[in-house]
Amino acid sequence: MPVSADGSVTAPAAAAAARAAAESPWRRVAGDFFRNPIATFGAALLCLIVLAAIFAPLISPQDPYDLAQIDVLDGKLPPGSHAGSGNGRFWLGTDDQGRDMLSAIFYGLRISIFVGVSSTVMALVIGLAAGLLAAYVGGRTETFVMRVVDIQLSFPSILIALILIAVLGQGIGKVIAALVTVQWAYYARTVRSAALVERRKEYVEAARCLALSPMRIVFRHLLPNCLPPLIVVATVQVAAAIALEATLSFLGLGLPITEPSLGLLIANGYQYLLSGKYWISFFPGIALLLTIVSINLVADQLRDVLNPRLSR
Amino acid sequence: MSADPVAVSQGTAPATAPAAPLLAVLGLRTHFFTKAGVVKAVDDVSFTLAAGEVLGLVGESGSGKSMTGYSLMGLIDPPGRVVEGSIRLKGQELTTLPAEKMRALRGDRLAMIFQDPMMTLNPVLRIDHQMTEAILAHRDVGRAAALARAREALVRVGIASPDARLKAYPHQFSGGMRQRVAIAIALLNEPDVIIADEPTTALDVTIQGQILYEVQKLARETGTALIWITHDLSVIAGLADRIFVMYAGKIVEEGTTEDVIDHPAHPYTRGLLDSVPSRNPYGQRLKQIPGMTPSLIALPRGCAFRERCARADAMCEAMPETTAAPSGRAGHVMRCFHPLA
Amino acid sequence: MLVYLIRRCLQSVVVLLVMSLIVFVGVYAVGNPIDILISPQADQAEREQAIHALGLDQPMWMQYFVFLRDALHGDLGHSFVHSTSALRLIFERMPATLELATVAMLFAIILGIPLGLWAGLKPESASGRTIMAGSILGFSLPTFWVGLMLIMVFSVMLGWLPSNGRGETVSLFGIPVSFLTLDGWRHLVLPATNLALFNLALMIRLTRAGTREALLQDYVKFARAKGLSNVRVIGVHVLRNILIPIVTVIGLQFGALIAFAIVTESVFAWPGMGKLLVDSINFLDRPVIVAYLLVIVTLFIVINLIVDLLYSALDPRVRLGESRS
């Protein structure tokens with residue numbers, strides 16, 4: 001039926017499906033992804049940010065944590081100022097220690113992205129295992145795992161993270177542990193619901209009757225079907241993890257000053273904000289914002305591309 | 001507005017069309033402007049409807065029959081719009097009517113009943129509310145008077161203990177009961193025309209029969225004209241005075257029920273009749289129309305049915321005009337170069 | 001209905017018990033309980049004495065029982081820093097947080113629902129697209145940084161609004177509130193806006209999605225076929241239906257607002273219980289942390305109950321008494 005009651009046309013969807021069958025799924029996803037100019041912009045921006053983080057030591061005008069390179073006399077200079085020692089300009093100004101903000105932001109991005117990505121990967125593995133276990137084993141195990149997930153997800157992430165920090169103490173490992181704890185439940189829930197849909201299908205039942213090994217059923221049949229929603233959730237969660245780490249660090253409960261992430265840079269500039277020296281907080285915030293926005297743009301488009309049914 | 005002489009559609013012979021029809025549709029075209037192209041959902045549809053007449057509008061999904069109904073109601077939403085043609089109700093042109101005047105007509109002179117009774121009633125509003133608001137939107141009466149009228153309408157469609165039912169929510173009704181309520185709502189303001197868009201399709205067969213019988217009775221009692229949209233010829237056979245068969249936005253055959261059912265001229269009508277189970281001898285395989293309804297964006301040139309039609313030849317690459325059917329009966333017309341004798 | 005209420009309350013008690021066990025194990029058993037309950041300055045003899053006095057030489061289940069018994073008597077320990085009852089400290093700070101969260105939620109509702117409705121009715125228009133783009137920004141902006149920017153613009157650059165504290169408060173039923181004085185409002189506007197931002201974005205998205213879905217429903221088309229005015233179709237038929245998920249989310253988000261007030265309160269030095277929690281974590285004032293946690297869990301349970309009751313009031317299909325399975 002080409003025209004549904006609301007007048008929308010379903011024929012192009014059918015054409016798209018036919019085309020998708022002909023191409024490889026990943027090529028189709030990539031093709032659909034870059035059709036949206038805003039998403040393409042987001043992906044390009046994200047690439048730039050990640051490259052800047054990876055190559056921070058190469059592209060930064062100075063090493064902001066090498067005391068030999070910074071001069072307290074250059075402290076709190078506004079953006080565009082010349083360094084007192086004569087070499088170079090501080091395009092984004094300096095902080096109270098005379099540190100070049102641009103360099104500090106590149107280094108901060110490195111730490112923020114490292115913490116965000118590594119916690120996401122760990123949470124992904126744990127959540128995936130828990131979700132698959134729940135979906136495959138079923139019964140009491142499933143009830144127990146999902147009950148824990150439900151209870152945890154009914155509390156805001158910041159609260160859970162703060163309590164964990166309160167119990168565990170501070171430090172980069174502990175912050176990552178807290179972020180992993182906050183995140184795993186999302187993956188477990190996503191994986192289980194995707195796997196459940198698949199488990200109900202008859203071929204899984206058939207595979208069981210044939211006494212195929214559980215591992216084979218899980219990895220060949222259940223896992224591939226969980227991947228698309230999982231990729232979307234993971235992308236969103238990287239942004240959430242980066243934001244949460246920044247928040248914890250801003251509150252002084254996250255990373256130690258030896259690991260100056262963007263959140264810590266912003267917190268550092270807070271006290272100078274009231275005297276009008278905005279740049280110390282402003283620019284790291286912009287970097288944080290661009291990172292989160294670009295990830296969210298990519299995630300939004302991924303959601304549309306990977307799951308046409310789940311239209312917003 | 002006075003009823004000026006309405007141009008009778010080319011296909012409708014004067015014998016069946018009353019001198020001053022209640023509703024006259026002429027050259028109606030409703031198109032949807034989508035990114036994929038223009039969808040001609042309704043493409044040059046003309047017909048007339050007399051007061052108290054029951055008209056069957058038959059066709060497969062996507063043939064444009066529902067869109068014809070929505071066009072009459074002025075309920076076509078963007079990207080769709082009525083691009084051409086005229087709709088006259090008692091001589092009043094509806095296609096150029098301002099939105100507020102059209103709203104005032106909807107539910108008052110023209111009412112509509114939808115296919116799925118589970119979906120047409122608002123799940124979170126009580127029945128009394130949903131009924132009285134339809135009266136209060138058109139009549140300057142008090143709430144009590146509106147309520148009394150709603151109660152009366154429920155009684156008329158055969159709902160027991162109407163007082164309790166008025167205070168109930170839709171989920172407390174069965175499907176058949178909900179459709180009765182929807183019919184009662186359509187009847188509230190005693191409209192001139194009720195457009196029923198497959199109102200029995202979603203119901204059990206036994207309930208279907210009851211509803212059909214009652215709608216027919218009510219229409220006769222109140223003198224309301226009915227346009228009954230369906231894909232099922234067997235439903236309409238016992239109900240309609242005249243039948244219009246639609247395919248790909250066009251009326252391909254029209255005539256009295258007897259003409260169309262007993263002497264179908266268009267191969268498509270024949271196909272529809274052959275696929276009705278009850279009309280076929282037991283044990284014989286049902287005939288299906290091969291192929292699918294064509295996409296309205298990429299319609300074949302000429303007769304839209306030719307790719308599914310056994311009788312089609314090179315001639316059918318031109319669009320057949322509406323001509324008299326071989327039955328020779330007045331008002332029995334069709335669009336086909338190779339009609340069945 | 002009454003049966004349902006009783007059952008729900010019993011369930012809540014169970015959840016609270018489970019949470020108290022988790023909190024107990026988490027804070028009392030993972031950390032060294034001596035450090036939590038006894039001032040670090042105490043000497044060895046005092047410690048021994050305190051261990052005995054507090055029953056810490058007893059087995060674990062016994063300790064939990066004692067903790068529970070004290071908790072039931074409203075005794076969640078004493079703050080090291082403020083040397084008053086932890087629970088009392090929290091209750092003193094709670095009105096400020098509730099006031100901030102309520103005003104923020106009102107901001108989000110009053111702005112978010114009309115904007116979302118508009119974006120849902122005109123999804124293709126420039127205004128509709130702008131609203132949606134803004135809501136994506138609302139999700140992405142880190143709350144604490146937006147708070148700083150608000151201070152930068154409205155306090156530092158423009159000098160219109162103060163950047164910290166509650167301002168002048170008046171007593172309402174013995175509780176100090178800011179929203180009844182002009183000065184209080186001036187102090188309230190920035191933090192409430194800051195806290196509202198995420199929920200504003202959420203309200204817009206939720207209302208827009210609900211509106212778009214409702215518009216496709218047959219009951220909307222039927223309502224229009226009845227000849228109702230657009231105002232009535234949208235204001236009654238659409239709004240009543242989308243209100244159900246919205247009220248649910250408002251309820252659930254209110255709990256989240258109280259939690260996220262931790263950040264906003266820290267930025268704007270708003271003397272609520274969120275700021276108290278951050279300070280307590282910084283000072284390792286664990287009894288206050290435990291008390292905060294149990295109070296907030298209770299709050300969440302109460303909010304969930306209220307949301308369920310409201311839900312049944314709004315959606316006739318939900319019959320609380322009947323869901324006995």
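The values are calculated or read from the model by the stated rules, or taken from the named source; none is laboratory data. This structure is a prediction, so every number in the text was calculated from the model and none was measured. Neighbour counts are summed over all protein chains in view; Cβ atoms, including those assigned to glycine, are modelled from backbone coordinates with ideal geometry. Just the protein is used for accessible areas: all its heavy atoms, side chains included, with ligands, DNA and RNA removed. Shrake-Rupley method; radii C 1.70, N 1.55, O 1.52, S 1.80 Å.
One line per residue, one yes/no per condition, for (1) within 12 Å of chain C (Cβ to nearest Cβ); (2) closer than 24 Å to B:Leu89 by Cα; (3) under 18 Å from the mean Cα position of the chain (by Cα):
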residue	(1), (2), (3)
B:Arg139	yes, yes, no
B:Gly142	no, no, no
B:Leu154	no, no, no
B:Ser161	no, no, no
B:Arg165	no, no, no
B:Arg178	yes, no, no
B:Ile185	yes, yes, yes
B:Ile195	yes, yes, yes
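If you check C:Ile306, C:Ile258, C:Ile281, C:Ile250 for being among the aliphatic types (A, V, I, L, M) and facing another protein chain (nearest Cβ under 7 Å), only one passes: C:Ile281. Against the test of being more than 12 Å from chain A (Cβ to nearest Cβ) and either of a type in the set (S, T, N, Q) or surrounded by fewer than 17 Cβ atoms within 10 Å (Cβ to Cβ) (or both), the options C:Ala126, C:Ala192 yield a single qualifying residue, C:Ala126. Of the residues in the stretch C:24-39, at least one is hydrophobic (A, V, I, L, M, F, W, C), farther than 30 Å from C:Leu310 by Cβ and either modelled with pLDDT of 75 or more or not in a helix (DSSP H, G or I) (or both). In the stretch A:113-154, the residue that is modelled with the highest pLDDT out of those that are within 14 Å of chain C (Cβ to nearest Cβ) and in contact with a helix residue (DSSP H, G or I) (Cβ under 8 Å, 6 or more places away or on another chain) is A:Gly116. Taken over the stretch C:202-219, residues that are surrounded by fewer than 21 Cβ atoms within 10 Å (Cβ to Cβ) and facing another protein chain (nearest Cβ under 8 Å) amount to 4. C:Thr97 meets all of the listed conditions (1) within 14 Å of another protein chain (Cβ to nearest Cβ); (2) open to solvent by 30 Å² or more (accessible area, probe 1.4 Å); (3) assigned to a helix (DSSP H, G or I) but one, namely (2). Applying the selection to the stretch A:247-281, what residues are part of a helix (DSSP H, G or I), within 7 Å of chain C (Cβ to nearest Cβ) and open to solvent by 10 Å² or more (accessible area, probe 1.4 Å)? Listed by number, the residues that qualify are A:Thr247, A:Phe250, A:Tyr270.
One residue alone among A:Val180, A:Val204, A:Val197, A:Val218 is at pLDDT 90 or above and outside any loop (DSSP other than H, G, I, E, B), and that residue is A:Val180. Within the stretch A:155-164, if we keep just the residues that are within 14 Å of A:Ala241 (Cβ to Cβ) and open to solvent by less than 10 Å² (accessible area, probe 1.4 Å), the residue that is farthest from the other protein chains (Cβ to nearest Cβ) turns out to be A:Ala161. Restricting the stretch B:286-322 to residues that are outside any loop (DSSP other than H, G, I, E, B) and in contact with a Gly (Cβ under 8 Å, 6 or more places away or on another chain), the residue that is nearest to B:Val276 (Cα to Cα) is B:Arg308.
Is it the case, given these coordinates, that C:Ala225 is among the small types (Gly, Ala, Ser), facing chain B (nearest Cβ under 10 Å) and crowded, with 18+ Cβ neighbours inside 10 Å? It is true that C:Ala225 is among the small types (Gly, Ala, Ser), facing chain B (nearest Cβ under 10 Å) and crowded, with 18+ Cβ neighbours inside 10 Å. In the stretch B:48-101, of all residues being among the acidic types (Asp, Glu) and outside any loop (DSSP other than H, G, I, E, B), the one that is nearest to B:Arg308 (Cα to Cα) corresponds to B:Glu84.
Put simply, of A:Leu210, A:Leu244 the only residue that is open to solvent by 10 Å² or more (accessible area, probe 1.4 Å) and either within 14 Å of another protein chain (Cβ to nearest Cβ) or closer than 17 Å to A:Ala123 by Cα (or both) is A:Leu244.
Can you find, within the stretch C:120-154, the residue that is nearest to the chain's Cα centre (by Cα) among those that are modelled with pLDDT under 85 and of a type in the set (S, T, N, Q)? Looking at residues that are modelled with pLDDT under 85 and of a type in the set (S, T, N, Q), I get C:Ser140.
Residues are listed down the side, and each one gets a yes or a no for (1) open to solvent by 20 Å² or more (accessible area, probe 1.4 Å); (2) of a type in the set (Lys, Arg):
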| position | (1), (2) |
| --- | --- |
| B:Ile236 | no, no |
| B:Arg242 | no, yes |
| B:Gly255 | no, no |
| B:Ser275 | yes, no |
| B:Ser327 | yes, no |
| B:His332 | no, no |
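Taking the conditions (1) surrounded by fewer than 24 Cβ atoms within 10 Å (Cβ to Cβ); (2) at pLDDT 90 or above in turn, B:Asp44 satisfies each one other than (2). Set side by side, the residues C:Val231, C:Val236 differ, and just one is within 8 Å of chain B (Cβ to nearest Cβ), β-branched (Val, Ile, Thr) and within 30 Å of B:Ala99 (Cα to Cα), which is C:Val236. The residues of the stretch C:228-255 that are closer than 30 Å to C:Tyr292 by Cα and either without any contact (Cβ under 8 Å) to a residue 12 or more places away in the chain or polar (S, T, N, Q) (or both), listed by number, are C:Thr248, C:Gln253.
Scanning the stretch B:151-172 finds one or more residues that are among the small types (Gly, Ala, Ser), out of contact with any Pro (no Cβ under 6 Å at 6 or more places or on another chain), in contact (Cβ under 8 Å) with a residue 12 or more places away in the chain and assigned to a helix (DSSP H, G or I). Residues in the stretch B:95-148 that are open to solvent by 10 Å² or more (accessible area, probe 1.4 Å) and closer than 14 Å to B:Met73 by Cβ: B:Thr95, B:Leu97, B:Ala99, B:Lys101, B:Met102, B:Arg103, B:Ala104, B:Leu105, B:Arg106, B:Asp108, B:Arg109.
Within the stretch B:149-167, the residues that satisfy the criterion of being of a type in the set (Gly, Ala, Ser) and open to solvent by less than 10 Å² (accessible area, probe 1.4 Å) are B:Ala150, B:Ala153.
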